[in-house]
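In what follows, a structure is listed as structure tokens, so that the remarks can point back to it.
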Amino acid sequence: MPKRIRVIPVLLIQRNGLVKSIKFRDHKYVGDPMNAVRIFNDKEVDEIVLLDISATVEKRAPNIEKIKEIAGEAFMPLAYGGGITTIAEIKALINCGVEKVVLNTSAVLDPSLLQTAADWTGSQSLVVSIDVKKNIWGKNKVYTHNGKTATGLDPVEFARKAEQLGAGEIFLNSIDRDGTLGGYDLDLIKAVSAAVNIPVVALGGAAGTSDFLKAVQAGASAVAAGSIFVFQMPHRAVLISYPTDLELKHDLYQKIGTADEC
């Protein structure tokens, strides 16, 4: 049987609107997140990640009522990240229907929150999102606050620490590749995947199912993307889409299964 790989749309929320960025800049409004969730329901996607990219920068807590509304509409598992700073917020998110909470800036600034959350909800519901960008010397470093703040942390070492503190999954995002359709950072995926024993979800740069395959071959357990699910190329017209199960079987699952048998 071919191995099934999770293929995950990532929805970026900015002031309640759905947006898409290029290298974490140049945000383009692409619609209402609720409408996007309804379309992805029809397309039977594996799961969805919802990230409020302005919450932390604006020091806003998660909008629990809005997230509850979206979670109630979603037929698939929903992960949420953005503005989470307390265990009370994590409990509220889980209780309102979010299956996984995603910590990014808080995982760096307050590692104890990560550990407390893992103790309460279990590692299976706790994701650490790691945003990575090359510095002026070409070294991969972790950034927080929606890519605005350099931490100096090495992503491989930070991924190991996140796993030790209780993360059940790493959401690995390349800022340099975000929205470029230039393919995932395969070297980054290889390095982080080899360093941890929890699933690594690759994000940043996918242009199609061939990129999904390369990411999985590099060690990713799942793949995520934004632009290819909300834009129609080459003019980046807004169109919510998702590969059919037949396309995924032909371009991804079958080839992974074949590779595993070799």
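Observations on the structure shown:
- Filtered residues of the range 143-187 (kept if among the aliphatic types (A, V, I, L, M) and within 15 Å of the chain's Cα centre (by Cα)): Ala159, Ala167, Ile170, Leu172, Ile175
- For the range 14-28, the tally of residues that are over 19 Å from Ile67 (Cα atoms) and loosely packed, with under 13 Cβ neighbours inside 10 Å stands at 2.
- Pair list, Cβ under 8 Å, 6 or more apart: the range 164-177 residue farther than 13 Å from Val102 by Cα, other residue among the hydroxyl-bearing types (Ser, Thr, Tyr) and surrounded by 20 or more Cβ atoms within 10 Å (Cβ to Cβ): Ser174/Tyr184; Ile175/Tyr143; Arg177/Tyr184
- Wholly enclosed helices (runs of 4 or more DSSP H) of the range 154-262 bearing at least 1 residues over 26 Å from Ile22 (Cα atoms) and not acidic (Asp, Glu): 155-165, 186-195, 245-248, 254-261
Okay, residues lined up against (1) modelled with pLDDT of 95 or more; (2) under 22 Å from Phe158 (Cβ atoms); (3) surrounded by 21 or more Cβ atoms within 10 Å (Cβ to Cβ):
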{"position": "Ile39", "(1), (2), (3)": "no, no, no"}
{"position": "Val45", "(1), (2), (3)": "no, no, yes"}
{"position": "Ile64", "(1), (2), (3)": "yes, no, no"}
{"position": "Ile67", "(1), (2), (3)": "yes, no, yes"}
{"position": "Leu78", "(1), (2), (3)": "yes, no, yes"}
{"position": "Gly97", "(1), (2), (3)": "yes, no, no"}
{"position": "Asp110", "(1), (2), (3)": "yes, yes, no"}
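- Members of the range 210-252 that are within 24 Å of Phe24 (Cα to Cα), buried (at least 16 other Cβ atoms within 10 Å of the Cβ) and modelled with pLDDT under 85: Phe231, Arg236
The values are calculated or read from the model by the stated rules, or taken from the named source; none is laboratory data. Model, not experiment: these values are computed from the prediction. Methodologically, a virtual Cβ is constructed for each residue, glycine included, from the backbone with ideal geometry; neighbour enumeration extends over all protein chains shown.
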